[in-house]
Amino acid sequence: MRAALRGLESIQDAAVRAQAAGLVLREWPGEGTLPKEIRQQTVDAQHQGGMDFPEIGQLIGTDRSRAWRIWKGM
């Protein structure tokens with residue numbers, strides 16, 4: 001399972017990577033640590049790249065406040 005989760009990191013498209021990590025978190029909540037880290041790192045990379053939280057939220061299919069909470073690790 002961990003190898004499959006590590007495969008999420010190889011997804012080139014940031015939006016798809018964050019959405020896939022979110023799907024894993026919803027479907028298998030017990031596997032939360034790694035997908036959560038991947039999603040958080042993806043949101044951080046987008047933010048560091050100049051995107052604001054409303055843009056990030058739209059990109060990953062959520063709202064700006066949820067994008068911010070993901071970024072903060074909440």
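All of the numbers you see were taken from the coordinates with simple rules; none came from a lab. On a predicted model such as this, the values are computed, not experimentally measured, just so you know. No Cβ is skipped: glycine too gets one built from the backbone with ideal geometry, and neighbour counts run over all protein chains shown.
Quickly rank 25-31, 8-14 as a protection proxy: mean count of other C-beta atoms within 10 Å, highest first.
Numbers: 25-31: 11.0, 8-14: 13.0.
Order by mean packing, descending: 8-14, 25-31.
Name the residues of region 1-17 whose amide N is less than 11 Å from a point 7 angstrom out from the Cα of E37 along the C-beta direction?
Answer for region 1-17: 6.
If I take R0 = 22 Å and measure r between the Cβ atoms of R2 and E55 in this structure, what FRET efficiency does the formula 1/(1 + (r/R0)^6) give, to the nearest 0.05? All intermediate terms of the calculation are to be shown ahead of the outcome.
Values: r = 31 Å, r/R0 = 1.43.
E between R2 and E55, to the nearest 0.05, is 0.10.
Along each of the three principal axes of the Cα atoms of the chain, give the extent in whole Å, ordering the values from largest to smallest.
Largest first, the chain extends 33, 22, 17 Å along its Cα principal axes.
Using the 10 angstrom Cβ neighbour count as an exposure proxy, how do T62, T42 rank, fewest first? Numbers along the way, then the final one.
Working: T62 18, T42 28.
Ranked by crowding around the Cβ, least crowded first: T62, T42.
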